[in-house]
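K.L.:
Sharing a structure with you now.
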Amino acid sequence: MPQRSAERPAGLTERQAAILALIEANGFATIEALANAFEVSAQSVRRDIIALDRAGLVQRFHGGAGSNGGGEALRLGHERKRLIAIEAKARIARKVHDMIPDGAAVFLDAGTTMEAVAKALNRRRNLHVVTSNARAALCLDPARHEVRVLGGRLSGQDGSLTGADTALALAALRLDIALIGCSGIEAGRFAMDFDPAKIAIKQTAMRVSKAAWLLATHEKFGRTARAEVAPLDAFARVISED
């Protein structure tokens, strides 16, 4: 069991203070890991995380919590992001699968939600998929679909591709649906993200597509980031797990 903090922040129980210290030290912790560490039920940990989130000390996600990013959406590494809201992303993926017809021309954005969507869309037939997400592309069977990975600069562990080459190749295409992700939805009005290079690709995909759909798990609502992708009314659909 983790050692309790000697100085407990005002208003917190001993366990809540220890959970806060763990999250601040590691950047992120899952409910399952915390329950095992403190030898309590997942429900008990979830109540503690809700209390810490309401106090503004952590950011709560489906399945865990991250250290407070000072009001901005939290930026986690790719592997940690994959552990967040796994079931929520799967629900979004199932919804998208049911909405997109066989033969559609689709853009897949960067992000772990899009990886889940790609796995679900692989069950459809004859899709024409264009993506700046190398990891998502690997989830699609080229024997079932036409898959085009845009060229460009590899931006990080998430397998996203950005840059002038990516934008130029995308701008020459005409697609049916752009599936767009974000880091936060600010005040219920704007899709937000951190990386200007990724935002440029998102906006280009929206311009060349007949419709854009925003995919966001519930915890992204009410969060912000550094720059605007688009107002929510620019999206034909906003799809969450609910």
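The values are calculated or read from the model by the stated rules, or taken from the named source; none is laboratory data. On a predicted model such as this, the values are computed, not experimentally measured, just so you know. Ideal geometry is used to build each Cβ from the backbone, glycine not excepted, and the neighbour counts take in all protein chains shown.
K.L.:
Would you point out which residue out of Leu154, Leu108 is at pLDDT 95 or above and either crowded, with 21+ Cβ neighbours inside 10 Å or closer than 19 Å to Leu170 by Cβ (or both)?
P.N.:
On the way: Leu154 fails: at pLDDT 95 or above.
After applying the criteria, what remains is Leu108.
K.L.:
Still on this structure, I have one more. Just to verify a result, which residue in the stretch 202-231, among those that are modelled with pLDDT of 95 or more and surrounded by fewer than 15 Cβ atoms within 10 Å (Cβ to Cβ), is nearest to Ile49 (Cα to Cα)?
P.N.:
Pro231
K.L.:
Sticking with this structure for a sec: Can you tell me which residues in the stretch 141-192 are outside any loop (DSSP other than H, G, I, E, B) and closer than 15 Å to Leu232 by Cβ? Let's see the steps before the verdict.
P.N.:
Residues of the stretch 141-192 outside any loop (DSSP other than H, G, I, E, B): 146-149, 153-154, 160-162, 164-171, 175-180, 184-186, 190-192.
Within the stretch 141-192, Ala178, Ile180, Gly184, Ile185, Glu186, Phe190, Ala191, Met192 meet the criteria.
K.L.:
Can you tell me how many residues within the stretch 90-124 are assigned to a loop (DSSP other than H, G, I, E, B) and closer than 16 Å to Arg144 by Cβ? Spell out the reasoning first.
P.N.:
Pass one, the stretch 90-124, residues assigned to a loop (DSSP other than H, G, I, E, B): 100-104, 109-111, 122-124.
Now narrow it down to the ones that are closer than 16 Å to Arg144 by Cβ: 100-104, 122-124.
Total meeting the criteria: 8.
K.L.:
Just the residues that are farther than 15 Å from Leu175 by Cβ, assigned to a loop (DSSP other than H, G, I, E, B) and out of contact with any Gly (no Cβ under 8 Å at 6 or more places or on another chain), please, taken from the stretch 200-239.
P.N.:
Across the stretch 200-239, the qualifying residues are Thr217, Arg226.
K.L.:
Can you tell me which of Gly222, Gly184 is without any contact (Cβ under 8 Å) to a residue 60 or more places away in the chain and out of contact with any Cys (no Cβ under 8 Å at 6 or more places or on another chain)? First the steps, then the outcome.
P.N.:
On the way: Gly184 fails: without any contact (Cβ under 8 Å) to a residue 60 or more places away in the chain.
Answer to the selection: Gly222.
K.L.:
Another question, if that's okay. Sort out which residues of the stretch 231-242 are of a type outside the set (Val, Ile, Thr) and within 16 Å of the chain's Cα centre (by Cα), and write them in order of number.
P.N.:
Keep residues of the stretch 231-242 that are of a type outside the set (Val, Ile, Thr), which gives 231-237, 240-242.
Passing the criteria: Ser240, Glu241, Asp242.
K.L.:
What do you reckon, is Ile199 buried (at least 21 other Cβ atoms within 10 Å of the Cβ), at pLDDT 95 or above, within 12 Å of Asp109 (Cβ to Cβ) and not hydroxyl-bearing (Ser, Thr, Tyr)? Step through it out loud before you land on a result.
P.N.:
Numbers: buried (at least 21 other Cβ atoms within 10 Å of the Cβ): yes; at pLDDT 95 or above: no; within 12 Å of Asp109 (Cβ to Cβ): yes; not hydroxyl-bearing (Ser, Thr, Tyr): yes.
No, not satisfied.
K.L.:
Within the stretch 44-95, restricting attention to residues that are exposed (fewer than 15 other Cβ atoms within 10 Å of the Cβ) and of a type in the set (Asp, Glu), which residue is modelled with the lowest pLDDT?
P.N.:
If we take residues in the stretch 44-95 being exposed (fewer than 15 other Cβ atoms within 10 Å of the Cβ) and of a type in the set (Asp, Glu), then Glu79 is modelled with the lowest pLDDT.
K.L.:
Out of the residues in the stretch 166-196 that are among the acidic types (Asp, Glu) and at pLDDT below 95, state the one that is nearest to Val117 (Cα to Cα).
P.N.:
Narrowing the stretch 166-196 to residues among the acidic types (Asp, Glu): 176, 186, 193, 195.
Still in the running and at pLDDT below 95: 186, 193, 195.
Details: Glu186: 23, Asp193: 19, Asp195: 22 Å.
It comes out as Asp193.
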